[in-house]
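This report concerns only the one structure given below.
Bear in mind that the values in this text are calculations on the coordinates, not laboratory data. All of these numbers come straight from a predicted model, not from anything done at the bench. No Cβ is skipped: glycine too gets one built from the backbone with ideal geometry, and neighbour counts run over all protein chains shown.
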Amino acid sequence: MRDAIIATAQKLFIQQGVRATTMDQIAEQLGISKKTLYEHFGSKDSLVEACVEAFLREMENTLDQIHQAHSENALLPMIATASYVYSLLISLNPVLYIELRRVIPHARAQVLPKIQALIQKQLTRSVEKAINEGIFRSDLPMDILPLWMSFVIVQVVLNPALAEQAQKTIAEIYAETILLLLYSFTTERGRQLLESYKNQIRQSYVR
């Protein structure tokens with residue numbers, strides 16, 4: 001029952017935001033009494049924290065699966081990671097970001113840095129693999145590069161000002177950002193390989 005409560009609450013929080021989602025609504029969705037709900041979670045805050053933990057755990061597992069599933073070359077897990085991160089961030093109600101800053105700052109301190117750290121971890125191993133395969137240059141500053149990459153791709157989605165100024169959709173800007181990042185690191189061999197994925201990357205964000 002606890003897992004079912006977390007799954008239902010997480011879905012509602014993502015769709016509606018934390019404030020707009022009530023414990024009554026969660027109980028109704030599950031077909032249980034509010035008393036039963038409070039037996040598992042003593043407060044809404046404790047339920048929010050459980051949802052955050054489950055969200056981050058699922059994200060980490062998915063990123064590990066992406067890395068294992070795309071072993072043909074180092075570009076593929078980076079492309080797949082970028083696509084997953086975009087789908088994840090774009091699915092969240094923008095209200096959540098405001099609430100994380102103002103209403104539940106303790107959750108913000110856990111969520112956003114952890115998301116960034118998980119993406120950074122994934123990119124670090126992919127970039128290192130790309131260097132070893134001769135796809136990326138060997139002189140890249142690994143102490144800041146994965147951190148910078150993770151910051152850029154997250155901010156493109158969370159801060160739509162760039163897309164608005166360019167008069168393009170967030171998806172279009174995101175796809176071009178991924179390509180610009182990857183092209184700036186590639187060797188000639190990597191550039192030729194990336195050329196074969198260019199259309200795929202652009203089309204993957206078209207809805």
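For the reader, a short list of remarks on this structure follows.
- Apart from one condition, GLY31 fits all of (1) more than 23 Å from ILE119 (Cβ to Cβ); (2) within 23 Å of the chain's Cα centre (by Cα); the exception is (2).
- Some residue of region 59-72 being farther than 30 Å from GLY134 by Cβ and of a type in the set (Ser, Thr, Tyr): no
- Residue within region 164-173 that is acidic (Asp, Glu), out of contact with any strand residue (DSSP E or B) (no Cβ under 7 Å at 6 or more places or on another chain) and touching a residue at least 24 places away in the same chain (Cβ under 8 Å) present: yes
- Screening region 133-207 for helices (runs of 4 or more DSSP H) wholly inside it with 3 or more residues that are more than 16 Å from the chain's Cα centre (by Cα) and closer than 24 Å to ASN73 by Cβ returns the ranges 170-185, 188-203.
- Matching residues, region 15-36, being part of a helix (DSSP H, G or I) and surrounded by fewer than 17 Cβ atoms within 10 Å (Cβ to Cβ): GLN15, GLN16, MET23, ASP24, GLN25, GLU28, GLN29, LEU30, LYS34, LYS35, THR36
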